[in-house]
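The values are calculated or read from the model by the stated rules, or taken from the named source; none is laboratory data. Worth saying up front: this structure is predicted, and the values here are computed from it rather than measured. We place every Cβ from the backbone using ideal geometry, glycine too, and count neighbours over all the protein chains shown.
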Amino acid sequence: MKPIDRRSFLKDSAVSVAAVASVAPAIRSGPAKASPNDTVQVAVVGVRNRGKAHYQNYCRIPNVSVAALCDVDERLFPAAIAEVEKMSGRKPKTYVDFRQLLEDKGIDAVSLATPDHWHALQTIWACQAGKDVYVEKPVSWCVEEGRRAVQAARKYNRVVQTGSQYRSNTMVQEAVRFIQEAKLGRIYMIKTFYYGFRENIGRKQDSAIPPGVHWDLFLGPAPYRPFNENRFHYNWHWFWDTGNSDLTANGVHFIDIARWSLGKMTLPARIYSDGGYYVFDSDQETPNVICASCEYEDRTMLRLEVHNLYTPIAYPEAGAEGVRVGALFFGSEGWMMLAPGEFRTYYGKGNQPGPRRSAKEIAPDPLNRRGTGDEPHFVNFIDCVRSRKWQDLTADILEGHLSASICHLAEISYRTGRRLAFNSYTEKFSADDEANAYLTRDYRHPYVVPEKV
């Protein structure tokens, strides 16, 4: 990857014309959906777990049609088709191969709820095919491919929304505004935490590929390995080939909010992580405990914690269940606790209570553009598909790339076992070949992220 200068990093202007990878679909220029009366045709890719939330949300938005579903596991289609048909009155098409879906000229946008290792490549291919994209977090499996996804979105003038739905959460927006208005003074440190218990996945033997499962398409860019149930549905998160641990699966949400509140459009300069896989004996490769310290050039500190074992309630004052997911913002005048359901502030030596806000106090508006659920984020994406103004996205692909990259840097420090120095404008580690090797991967043909998009 060529070094990126400061101006290019911040603005990400279009790169020079380059050849498109042969396996990518041909570029097309479709009509913009400028009128609110025009139906936006969406294809949901990956229909299990998070993908189900995708098609449910689109079915609720006026003048949006879930025209197609795509998944490498054909066994999932009957239930998903039935639910879409029940909610919308229309039966969607089905695809197994994402590349064939992109050849469908009737599809305006793709909504990606696939494993991490597919996110960037599918985003790039979709942009090249003239489709807009909603891509779940993390937007990339590694730093370099995230940057390529940003370049593709800009070059092909696509609307690409990151699935960081808290950015469309009215209560979170109020909390971030509170911090950015310096009502806690100068923020010198933010701690994000995700304390979510994960069961032991145990050990499983390789086995025959089940009928209806397209294993080669599932693996895609990752190295080929024999089929194993532990590497398939959801548990793919816990293997380096396909996932990046719970730091990117869940921790990234509040890491993104932390970076947003600081207004940081660069990456940390110094990173150190430790942790490991504790207690269980299983096939899992990624850590179930990881703690990282990331420091920016101005010495603002991010501390990241993910624990997948039993953890005491972090802040019981937040209610009977306490808080297991959130962020603490430490300022020169006070501090804030931000959780999915509320924020609270405290001031001075005595921790005097300050302003607070609960999600329960916020009702969605009739058009679902305000509120605390998922709906406003999907509505924002569709609004921008219609207007063609990607600048109005609440979670543009560049934001997703930067937040995912913080997680990637922390995991690279964990995997190398040492403190690392990072140049945000070249997106390279300083004089560290081993660490730089983790910024990309060896792709399995033909599922290759192109060097030039």
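Quick check on my filter: what residues within the stretch 180-216 are within 21 Å of the chain's Cα centre (by Cα) and hydrophobic (A, V, I, L, M, F, W, C)?
Hits for the stretch 180-216 are Ile190, Phe193, Phe197.
Taking the stretch 304-330 on its own, how many of its residues are modelled with pLDDT of 80 or more, outside any strand (DSSP E or B) and surrounded by 17 or more Cβ atoms within 10 Å (Cβ to Cβ)?
Qualifying residue count, the stretch 304-330: 2.
Identify the single condition in (1) surrounded by fewer than 19 Cβ atoms within 10 Å (Cβ to Cβ); (2) within 30 Å of Leu76 (Cβ to Cβ); (3) touching a helix residue (DSSP H, G or I) at 6+ places or on another chain (Cβ under 8 Å); (4) not charged (D, E, K, R) that Tyr277 does not satisfy, given that it satisfies every other one.
(3)
Would you be able to say whether some residue in the stretch 208-228 is modelled with pLDDT under 95, within 30 Å of Phe98 (Cβ to Cβ) and in contact with a strand residue (DSSP E or B) (Cβ under 7 Å, 6 or more places away or on another chain)?
Looking through the stretch 208-228, none of the residues is modelled with pLDDT under 95, within 30 Å of Phe98 (Cβ to Cβ) and in contact with a strand residue (DSSP E or B) (Cβ under 7 Å, 6 or more places away or on another chain).
Taking the stretch 149-178 on its own, how many of its residues are part of a helix (DSSP H, G or I) and closer than 24 Å to Gly51 by Cα?
Number of matching residues: 10.
Got at least one residue in the stretch 182-200 being in a strand (DSSP E or B), on the phi > 0 side of the Ramachandran plot and touching a residue at least 40 places away in the same chain (Cβ under 8 Å)?
Checked against the condition, which is being in a strand (DSSP E or B), on the phi > 0 side of the Ramachandran plot and touching a residue at least 40 places away in the same chain (Cβ under 8 Å), the stretch 182-200 yields at least one hit.
Suppose we filter the stretch 400-453 for residues that are hydrophobic (A, V, I, L, M, F, W, C), over 22 Å from Cys291 (Cα atoms) and under 21 Å from the mean Cα position of the chain (by Cα); how many remain?
Final tally of qualifying residues: 3.
Considering the stretch 225-255 alone, what residues qualify as being within 25 Å of Leu402 (Cα to Cα), among the hydrophobic types (A, V, I, L, M, F, W, C) and part of a loop (DSSP other than H, G, I, E, B)?
Phe239, Trp240
What's the number of the condition His408 fails, among (1) touching a strand residue (DSSP E or B) at 6+ places or on another chain (Cβ under 8 Å); (2) under 21 Å from Tyr296 (Cβ atoms)?
(1)
Return the pairs, sorted by first residue and then second, in which the second residue is part of a strand (DSSP E or B) and of a type outside the set (D, E, K, R), the first residue lies in the stretch 329-342 and is closer than 11 Å to Asn169 by Cβ, the beta carbons are less than 8 Å apart, and the residues are 6+ apart or on different chains.
Listed by first residue and then by second, the contacts come to Leu338/Gly326; Leu338/Ala327; Leu338/Leu328; Leu338/Phe329; Pro340/Val325; Pro340/Gly326; Gly341/Ser358.
Has the stretch 97-107 got any residue that is closer than 16 Å to Gln161 by Cα and at pLDDT 95 or above?
No, the stretch 97-107 contains no residue that is closer than 16 Å to Gln161 by Cα and at pLDDT 95 or above.
Say we look at the stretch 284-303 and pick out the residues that are assigned to a loop (DSSP other than H, G, I, E, B) and crowded, with 17+ Cβ neighbours inside 10 Å; which of these is farthest from the chain's Cα centre (by Cα)?
Thr300
Of a type outside the set (Val, Ile, Thr) and touching a residue at least 40 places away in the same chain (Cβ under 8 Å): is that true of Ala208 in this structure?
So Ala208 fails the test.
Pairs needed: first member in the stretch 218-230, closer than 20 Å to Ala113 by Cβ; second member anywhere, outside any loop (DSSP other than H, G, I, E, B); C-beta distance under 6 Å; at least 6 residues apart or different chains.
Gly220/Trp118; Pro221/His117; Pro221/Leu121; Ala222/His117
Please verify whether Ala152 is more than 16 Å from the chain's Cα centre (by Cα), of a type outside the set (Asp, Glu) and more than 19 Å from Ser111 (Cα to Cα), treating the condition exactly as stated.
Judged against the criteria, Ala152 is not a match.
Just need a number here: residues in the stretch 146-200 that are surrounded by 18 or more Cβ atoms within 10 Å (Cβ to Cβ), among the aliphatic types (A, V, I, L, M) and under 26 Å from Pro312 (Cα atoms).
Residues meeting the conditions: 4.
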